[in-house]
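Bear in mind these aren't lab numbers, they're just calculated from the coordinates by the rules spelled out. Bear in mind the structure is a predicted one, so any value in this text is a computation, not a measurement. Quick reminder, even Gly has a Cβ in these numbers, built from the backbone with ideal geometry, and neighbours come from all protein chains shown.
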Amino acid sequence: MLAAGDRDFGQHLSSECVTCHNPSGKNAVGVPQIAGWPEDQFVAVMNSYKDKQRDNPVMQTIAGRLKADEIEALAAYFSGLKPPQEPAPAKRTKGRER
């Protein structure tokens, strides 16, 4: 069973994360959106980077520096964020295109 992380502590720790994983959804190509991820999924993914089961040197380094309570705090913080909405398709007016 996953222990509840400290959301405020997670927010404090998140500054390095949001450099690439922008909560607004404006991420670089190939950088996944993590806002709204379930806590257990976040913890599992971070632990797989920490254990070098996932291949990404940057994430392996970052996860490798984190303690279990820090990963749980980050999971609590990011799971509480609302994922960005997909932009609505542009409306077309009949007979007019801009």
- [ ] From the list GLY10, GLY25, pick out the single residue that is among the small types (Gly, Ala, Ser) and on the phi > 0 side of the Ramachandran plot.
- [x] GLY25
- [ ] List every residue pair whose Cβ atoms sit under 8 Å apart, with the two residues 6 or more apart in sequence or on different chains, where the first one lies in segment 21-37 and is free of Cβ contacts under 8 Å to residues at least 12 places away in the same chain and the second, anywhere, is in a loop (DSSP other than H, G, I, E, B) and of a type in the set (S, T, N, Q).
- [x] ASN27/GLN33
- [ ] Kindly list, by first and then second residue, each pair from a residue in segment 57-76 that is over 20 Å from GLY36 (Cα atoms) and without any contact (Cβ under 8 Å) to a residue 24 or more places away in the chain to a residue that is surrounded by fewer than 16 Cβ atoms within 10 Å (Cβ to Cβ) and charged (D, E, K, R), limited to pairs with Cβ atoms under 7 Å and residues at least 6 apart or on different chains.
- [x] GLN60/LYS52
